[in-house]
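Below: the structure, in structure tokens.
The values are calculated or read from the model by the stated rules, or taken from the named source; none is laboratory data. All of these numbers come straight from a predicted model, not from anything done at the bench. Methodologically, a virtual Cβ is constructed for each residue, glycine included, from the backbone with ideal geometry; neighbour enumeration extends over all protein chains shown.
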């Protein structure tokens with residue numbers, strides 16, 4: 001499945017030894033150390049929630065520094081407006097519709113505790129590819145791709161897992177949809193619950209401390225750290241450590257954002273102190289936009305300004321996320337990329353940079369965006385089209401600067417521009433000239449509408465649409481046995497009393 005480059009280097013060494021008398025084969029080729037990768041994946045952070053993307057409420061000095069030393073991506077997309085499908089795309093380089101992680105009959109579009117479903121073990125993750133290339137791999141934070149043992153990170157290519165298996169708001173209760181009993185929110189290390197219920201107030205601090213410790217332990221080998229932060233989170237009131245509570249100008253949401261910025265500062269400082277900053281690629285982004293922004297003047301639950309819409313929809317505010325990339329000496333400092341790129345691109349890009357190429361045994365959707373990350377700014381997006389799905393329903397397509405909403409009744413009543421009682425119509429927006437999506441240009445550009453309509457049909461054939469199966473869709477993981485809740489072992493329960 002993975003093509004290694006070791007054989008190529010070995011042949012080159014022999015060739016050089018034959019051509020250069022006296023050259024030692026072992027010294028003929030000096031293989032540079034492979035780059036480290038860190039992905040910081042915030043939860044529900046809005047496009048306008050940090051200063052580098054326009055926030056005037058939240059103080060984010062570390063991210064300001066990261067942007068000054070790195071490159072901002074202003075058209076960087078996730079593939080869903082919610083957690084599970086978004087995370088599945090990052091892990092696999094695929095639309096969630098392709099890997100079956102967009103919806104199921106038990107959980108809806110987000111996996112709930114004690115579910116039979118998860119990311120299929122046969123899917124290849126970015127962690128598995130890098131592990132095969134000799135990388136140490138770890139996840140610190142929120143997984144949300146299955147809480148049963150078969151689906152946990154340690155079964156999907158990660159050497160070490162410290163975090164929660166699903167969203168921080170999925171605490172102990174009886175879920176009314178099917179009457180299932182959810183356990184206390186478990187904090188896990190690998191496949192063992194070490195605390196339940198988890199203390200959410202200190203999660204950002206604890207995650208940061210454990211992540212930095214792990215980096216220090218693996219500084220002398222190539223590593224991949226997936227750092228999906230819990231905050232600002234899915235709860236109505238985000239959590240933060242005592243040192244940040246009440247310190248921002250925007251209530252608990254602002255407190256949580258400013259603690260995330262502190263965490264980023266700790267990481268950047270440590271990478272420099274360890275002397276590995278120049279060999280470590282870091283990306284800061286979010287799984288989707290801020291979820292609640294019904295009153296544009298109320299920013300207490302985050303801001304997607306100046307984009308239109310809120311998370312959990314197919315709006316720009318849900319799919320386009322604040323993104324900064326950083327690698328001193330490699331990524332041009334203080335630059336901006338305005339080309340379309342997505343979380344699906346991390347899989348093929350990291351694979352290539354690590355010396356591996358994905359095999360041709362399965363279809364993926366991401367692209368190698370090395371030229372966008374490291375180039376002089378002249379590279380253009382590799383995407384001819386990008387698709388916006390709400391669960392199984394294709395609602396919009398983007399190509400170039402154009403985004404078109406299809407004239408379809410919204411599934412589940414969720415649509416950023418009209419509700420189930422309105423007659424659907426074709427909406428066409430020019431995203432560069434109209435960032436807030438206020439001017440419908442469909443009537444004046446029939447050729448653009450026709451071209452994007454044809455692109456939408458290619459997506460339907462491949463990835464499916466509501467009531468229609470796509471030829472390229474694969475099944476999610478599903479266990480046949482009754483699922484079991486993640487609970488504290490009896491010994492730990494006894495010791496805690």
Open item on the list: Among the residues of segment 422-467, what is the count of those that are in contact with a helix residue (DSSP H, G or I) (Cβ under 9 Å, 6 or more places away or on another chain) and in a loop (DSSP other than H, G, I, E, B)?
Closed with: 8
TODO: May I ask you to verify whether residue 149 is assigned by TED's automatic domain parsing to the domain that holds residue 89 and either in contact with a strand residue (DSSP E or B) (Cβ under 9 Å, 6 or more places away or on another chain) or surrounded by 21 or more Cβ atoms within 10 Å (Cβ to Cβ) (or both)?
DONE: no
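From the list 99, 103, 124, 114, which residue is modelled with pLDDT of 95 or more, over 19 Å from the mean Cα position of the chain (by Cα) and farther than 26 Å from residue 216 by Cβ? If you could, list the steps in order and put the result at the bottom.
Details: 99 fails: over 19 Å from the mean Cα position of the chain (by Cα); 103 fails: over 19 Å from the mean Cα position of the chain (by Cα); 124 fails: over 19 Å from the mean Cα position of the chain (by Cα).
Just one listed residue meets the conditions, 114.
Here's the yes/no breakdown for (1) in contact with a helix residue (DSSP H, G or I) (Cβ under 8 Å, 6 or more places away or on another chain); (2) within 12 Å of residue 320 (Cα to Cα):
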residue: 57; (1), (2): yes, no
residue: 65; (1), (2): yes, no
residue: 68; (1), (2): no, no
residue: 72; (1), (2): yes, no
residue: 79; (1), (2): yes, yes
residue: 85; (1), (2): no, no
Task: Pairs, first closer than 14 Å to residue 254 by Cα in segment 44-68, second surrounded by fewer than 18 Cβ atoms within 10 Å (Cβ to Cβ) and modelled with pLDDT under 95, C-beta under 6 Å, six or more apart - done: 57/249
Task: Top-ranked residue in segment 486-497 [being surrounded by 10 or more Cβ atoms within 10 Å (Cβ to Cβ) and assigned to a loop (DSSP other than H, G, I, E, B); ranked as modelled with the lowest pLDDT] - done: 489
Open item on the list: From the list 463, 452, 427, 431, exactly one residue is touching a residue at least 40 places away in the same chain (Cβ under 8 Å), crowded, with 18+ Cβ neighbours inside 10 Å and closer than 15 Å to residue 314 by Cα. Which is it?
Closed with: 431
- [ ] May I ask you to say which residue of 407, 416 is assigned by TED's automatic domain parsing to the domain that holds residue 455, in contact (Cβ under 8 Å) with a residue 12 or more places away in the chain, assigned to a loop (DSSP other than H, G, I, E, B) and buried (at least 18 other Cβ atoms within 10 Å of the Cβ)?
- [x] 416
Open item on the list: more than 21 Å from the chain's Cα centre (by Cα) and either assigned by TED's automatic domain parsing to the domain that holds residue 354 or within 28 Å of residue 484 (Cα to Cα) (or both): is that true of residue 216 in this structure?
Closed with: yes
Task: Residues of segment 216-230 satisfying the condition of being buried (at least 22 other Cβ atoms within 10 Å of the Cβ) and at pLDDT 95 or above - done: 223, 224, 225, 226, 227, 228, 229
Task: Answer residue from segment 351-382, given it is closer than 25 Å to residue 451 by Cβ, assigned by TED's automatic domain parsing to the domain that holds residue 79 and in contact with a helix residue (DSSP H, G or I) (Cβ under 6 Å, 6 or more places away or on another chain) and is surrounded by the fewest Cβ atoms within 10 Å (Cβ to Cβ) among those - done: 367
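Before we move on, is residue 244 out of contact with any strand residue (DSSP E or B) (no Cβ under 6 Å at 6 or more places or on another chain) and farther than 25 Å from residue 68 by Cα?
no
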Task: Search result, residues across segment 185-207 that are surrounded by fewer than 17 Cβ atoms within 10 Å (Cβ to Cβ) and closer than 22 Å to residue 482 by Cα - done: 190, 191, 192
Task: Top-ranked residue in segment 383-394 [being under 19 Å from the mean Cα position of the chain (by Cα) and in a loop (DSSP other than H, G, I, E, B); ranked as surrounded by the fewest Cβ atoms within 10 Å (Cβ to Cβ)] - done: 391
- [ ] Scan segment 74-121 residue by residue and report those that are in a strand (DSSP E or B) and under 13 Å from residue 286 (Cα atoms).
- [x] 76, 77
Task: Answer residue from segment 475-485, given it is buried (at least 17 other Cβ atoms within 10 Å of the Cβ) and within 23 Å of the chain's Cα centre (by Cα) and is farthest from residue 100 (Cα to Cα) among those - done: 478
